[in-house]
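Heads up, the thing below is written out as structure tokens.
The values are calculated or read from the model by the stated rules, or taken from the named source; none is laboratory data. All figures in this text were calculated on a predicted structure; none of them were measured in a lab. Cβ placement follows ideal geometry from the backbone for every residue including glycine, while neighbour counts extend to all protein chains displayed.
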Amino acid sequence: MAEPLLRVEHVRKRFGGVLAVSDASLTAEAGRITALIGPNGAGKTTLFSIISGFLSPDAGSVFHGVTDITGMPPHVLARRGIARTFQIAQPFAGLTVHENIAVGAHLSRRSRAAALAAAADVAGLVGLGGLLDRPASSLTTAGAKRLEVARALATGPDLLLLDEVLAGLNPAEVAAMVPMIRGIAGRGITILMIEHVMQAVMSLAEHVFVLVEGRIVAAGGPQDVAGNARVIEAYLGHGAAARLVPPI
Amino acid sequence: MKGWSIAHILIVIALLAIVPLLTASNVVLNFLTVALLIALVGQGWNVLGGYGGQYSFGHAAFFGTGAYVTAILQTRYGINAWLGFALGIAGGAMVGAVIGALTFRSGLKGSYFALVTLAFAEVLRIAASVAPVTGAGVGLLLALDLRPQAFQFQSRAPFYWIALALVAVSLIVVRLIEHSRFGAWLVAVRENEEAAKALGVDAVRVKLAAITVSAAMTAAGGAFYAQYFLFIDSGIAYGPWISIEALLAPIIGGVGTVFGPLLGALVVKTLGELAKLVTGDAPGLDLVIYGSVLILVVAFAPRGIIGVLSDLRMRWTRLRASVAGRAHG
């Protein structure tokens, strides 16, 4: 089997008295969509922040290909090809949509004109082509989520970390975003996504990791994971699996 | 406001360059030279504060270093004034880089950054008021030598043109930054540092570059001041007055815009002069006026005069469009 593009090994992170991530290991295979799911407070975003360099783990390692990237700062990781979005959209509010995306495009392009041209292309890919000159602060939630993806995409990543890009969207907006994410994967970009919208996870992800209380409790194809007793209990409470899943 | 080109800058500079040909009045030229000096110092602040979002309260540290370096080199070592001027700028830039390294590497932001820059300027002021090399409490007097090669002139006009040339350079530099990758990264750091980092921006390095350029411009103002007035002491060079002027001009004119500091400096200085005409020379009155203007601008026009003008222009365009629409309909 080929080396996975991302490998997280036994990562642990404590905030004071809270053990946010106790022992998490996962991999993302190149060219695939991998999902990380789990109940609120499971430590998903903390794990994302560790992978993207915003936090350092107390123990464990993160590998990008064969390189140990544990503890590298975010801008270095972005240059290596790891881009992330934020769960709560973080637009450059005073800038236009075009200028926002151009910041990402500048990573590999010095010239302003080249960055703006690349930004316009990326905006087209995510469906923001008609809103280039709008101030980023005027976007709807769905627009702001698309902008998050566009900026990250403009850096030219090989690994894209999507932190709940579908959260807060209505069903029609989710339905519109799903093909966009699939399209990004179709361009050969590896995606690791945190997602709560299960219908989207089921249709997009090829591999799912379930994080519960800082620990990966299940992994596998979306269907396997959805039927897993530990996963059902994590979401619905102790004993729920016995009531829901009839004994065979 | 967007869309200012180098051509616009050159037109404004050319218009201002005509002034000494129209009037030989020392009062007018002195007033405009000081306004241009404040515009230059304010443009320095604007690079870091306006574009980078790092509000410094201590730009006196750079102004004073520019002034002292050239004054000390001339009075103690007999170095040529023009060379001293260049070294003054370099010295100011170095102080900027050092203060930037100490503050940005330790992650100081917002009001903490503002307070620490103020503290640096005050420490330098107190040091300059006791150290023998800076003339301690007496200050430094530059010897009168009215020759162009000594950076001194018989009339005010050459000083005015030099100040104008420095302002022109600062305007062009800022305009080039605005349309560069460095500028895009700097503004990204101002708008959202975390998001900028995620997009590959080395925020500390970008801020360090910004404070160095910012300090160099402001130091140029300080070195020019020493040459123009031929006297500095610790209160002039490192005093809080220049830190206030440096941030007031861009805030009133329009932070993060090319022409904001120049416009703000002209408006603030004009208001100061008008107030003096009305009230005589009541001490401290100009500060009262500065304070009042600052409160009004922050309350009602947070984007400064340039912001108000661009809003008015947008409204005017819309009004014309709707009137035209009605006439046709």
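The table for this structure:
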item	result
B:Ser234 farther than 29 Å from B:Arg175 by Cβ and either of a type outside the set (Phe, Trp, Tyr) or touching a His at 6+ places or on another chain (Cβ under 8 Å) (or both)	yes
Some residue of region A:25-32 being closer than 24 Å to A:Glu206 by Cβ and in contact with a Phe, Trp or Tyr (Cβ under 8 Å, 6 or more places away or on another chain)	yes
Candidates B:Val95, B:Val130, filtered to the one that is in contact (Cβ under 8 Å) with a residue 60 or more places away in the chain and of a type outside the set (S, T, N, Q)	B:Val95
Any pair with Cβ under 7 angstrom, 6 or more apart, that starts in region A:146-157 at a residue that is facing chain B (nearest Cβ under 10 Å) and ends at one that is of a type in the set (D, E, K, R)	A:Ala152/A:Arg84
Filtered residues of region A:83-117 (kept if under 23 Å from the mean Cα position of the chain (by Cα) and over 16 Å from B:Val201 (Cβ atoms))	A:Gln87, A:Ile88, A:Ala89, A:Ala93, A:Val97, A:His98
Members of region B:69-89 found to be assigned to a helix (DSSP H, G or I) and loosely packed, with under 14 Cβ neighbours inside 10 Å, listed by number	B:Arg76, B:Tyr77, B:Leu83
Total residues in region B:291-306, condition among the small types (Gly, Ala, Ser), in a helix (DSSP H, G or I) and more than 19 Å from the chain's Cα centre (by Cα)	2
Cβ pairs under 8 Å, 6+ apart, first in region B:168-194 and within 23 Å of A:Phe86 (Cβ to Cβ), second surrounded by fewer than 19 Cβ atoms within 10 Å (Cβ to Cβ) and of a type in the set (Phe, Trp, Tyr)	B:Glu194/A:Phe54
Criterion (modelled with pLDDT of 95 or more and of a type in the set (A, V, I, L, M)) met by exactly one of A:Ile69, A:Ile37	A:Ile69
Complete set of residues in region A:65-84 that are facing chain B (nearest Cβ under 7 Å) and either of a type in the set (Lys, Arg) or in a loop (DSSP other than H, G, I, E, B) (or both)	A:Arg79, A:Arg84
Filter result for A:Glu173 (of a type in the set (Asp, Glu), more than 10 Å from every other protein chain (Cβ to nearest Cβ) and not in a loop (DSSP other than H, G, I, E, B))	yes
Yes/no for B:Leu37 being in contact with a Ser or Thr (Cβ under 8 Å, 6 or more places away or on another chain), part of a helix (DSSP H, G or I) and in contact (Cβ under 8 Å) with a residue 60 or more places away in the chain	no
Pick from region A:163-176, criterion closer than 18 Å to A:Leu36 by Cα and among the aliphatic types (A, V, I, L, M), ranking: surrounded by the fewest Cβ atoms within 10 Å (Cβ to Cβ)	A:Ala167
Positions within region A:87-123 being in contact with an Asp or Glu (Cβ under 7 Å, 6 or more places away or on another chain) and within 7 Å of another protein chain (Cβ to nearest Cβ), in sequence order	A:Gln90, A:Phe92, A:Ala93, A:Gly94, A:Leu95
Qualifying position, being surrounded by 20 or more Cβ atoms within 10 Å (Cβ to Cβ) and more than 30 Å from B:Val255 (Cβ to Cβ), among A:Gly124, A:Gly71, A:Gly38, A:Gly130	A:Gly38
Options B:Leu274, B:Leu262; residue that is over 21 Å from B:Ala114 (Cα atoms) and either at pLDDT below 85 or of a type in the set (Phe, Trp, Tyr) (or both)	B:Leu274
Unique match (being assigned to a loop (DSSP other than H, G, I, E, B) and hydrophobic (A, V, I, L, M, F, W, C)) among B:Ala275, B:Ala282	B:Ala282
B:Val258, sole failed condition from (1) buried (at least 20 other Cβ atoms within 10 Å of the Cβ); (2) assigned to a helix (DSSP H, G or I); (3) under 17 Å from the mean Cα position of the chain (by Cα)	(2)
Candidates A:Phe54, A:Phe86, A:Phe63 - the one that is of a type outside the set (S, T, N, Q) and crowded, with 19+ Cβ neighbours inside 10 Å	A:Phe86
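Let's see how each residue does on (1) more than 8 Å from chain A (Cβ to nearest Cβ); (2) farther than 20 Å from A:Thr96 by Cβ:
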{"site": "B:Glu178", "(1), (2)": "yes, no"}
{"site": "B:Ala184", "(1), (2)": "no, no"}
{"site": "B:Val189", "(1), (2)": "yes, no"}
{"site": "B:Asn192", "(1), (2)": "no, no"}
{"site": "B:Ala195", "(1), (2)": "no, no"}
{"site": "B:Ala198", "(1), (2)": "no, no"}
{"site": "B:Val204", "(1), (2)": "yes, yes"}
{"site": "B:Thr212", "(1), (2)": "yes, yes"}
{"site": "B:Gly222", "(1), (2)": "yes, yes"}
